[in-house]
Amino acid sequence: MQKKIVLVTAPWDSVRKYVEPICKVVAEQLGVELEIREEDYSFLVDYGEKDDFGGVEIPQVFVVSNGKVTHVFTRIPLNEKGQPDITGATEMLKKAVAQA
């Protein structure tokens, strides 16, 4: 059962500096592949979280297992102080990989 983490991001994405390291650490810790897709809007339209108008945001993180794509989070969760929740996002991704 091959699992991988997919990060859809862009060079201009200001949140990438948080999300990419989280994905890299979790992939390394759990021994799964990390695939980084640059501005892959087709993938986002097919599998990503959409707003009320059908638009998609970057970044989004997914877990793929046996051909099934599961959305994990869009952007990065914030803590109670409104700051990026690195620990929360890391745990969320680890849990999603384990459940995939």
Confirm whether residue 44 is within 14 Å of residue 96 (Cβ to Cβ), touching a residue at least 24 places away in the same chain (Cβ under 8 Å) and either aliphatic (A, V, I, L, M) or in contact with a strand residue (DSSP E or B) (Cβ under 8 Å, 6 or more places away or on another chain) (or both). no
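Here is a yes/no grid of residues against (1) farther than 19 Å from residue 20 by Cα; (2) modelled with pLDDT of 95 or more:
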position: 39; (1), (2): no, yes
position: 67; (1), (2): yes, no
position: 76; (1), (2): no, no
position: 90; (1), (2): no, yes
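Can you name the residue in segment 50-80 that is of a type in the set (D, E, K, R) and surrounded by 15 or more Cβ atoms within 10 Å (Cβ to Cβ) and is also nearest to the chain's Cα centre (by Cα) among such residues? Steps first, please.
Looking only at segment 50-80, we keep the residues that are of a type in the set (D, E, K, R), and these are 50-52, 57, 68, 75, 80.
Next cut, surrounded by 15 or more Cβ atoms within 10 Å (Cβ to Cβ) only: 57, 75.
Numbers: 57: 11, 75: 8 Å.
My answer is 75.
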Residues located in segment 14-31, provided they are surrounded by fewer than 18 Cβ atoms within 10 Å (Cβ to Cβ) and β-branched (Val, Ile, Thr): 15, 25
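Which residue out of 2, 83 is modelled with pLDDT under 95, surrounded by fewer than 15 Cβ atoms within 10 Å (Cβ to Cβ) and in contact with a Ser or Thr (Cβ under 8 Å, 6 or more places away or on another chain)? Step through it out loud before you land on a result.
Working: 83 fails: in contact with a Ser or Thr (Cβ under 8 Å, 6 or more places away or on another chain).
Exactly one of 2, 83 is modelled with pLDDT under 95, surrounded by fewer than 15 Cβ atoms within 10 Å (Cβ to Cβ) and in contact with a Ser or Thr (Cβ under 8 Å, 6 or more places away or on another chain), namely 2.
The values are calculated or read from the model by the stated rules, or taken from the named source; none is laboratory data. For clarity, every value in this text was computed on a predicted model and none was experimentally measured. Here the Cβ is made from the backbone with ideal geometry for all residues, glycine too, and neighbour counts use every protein chain on show.
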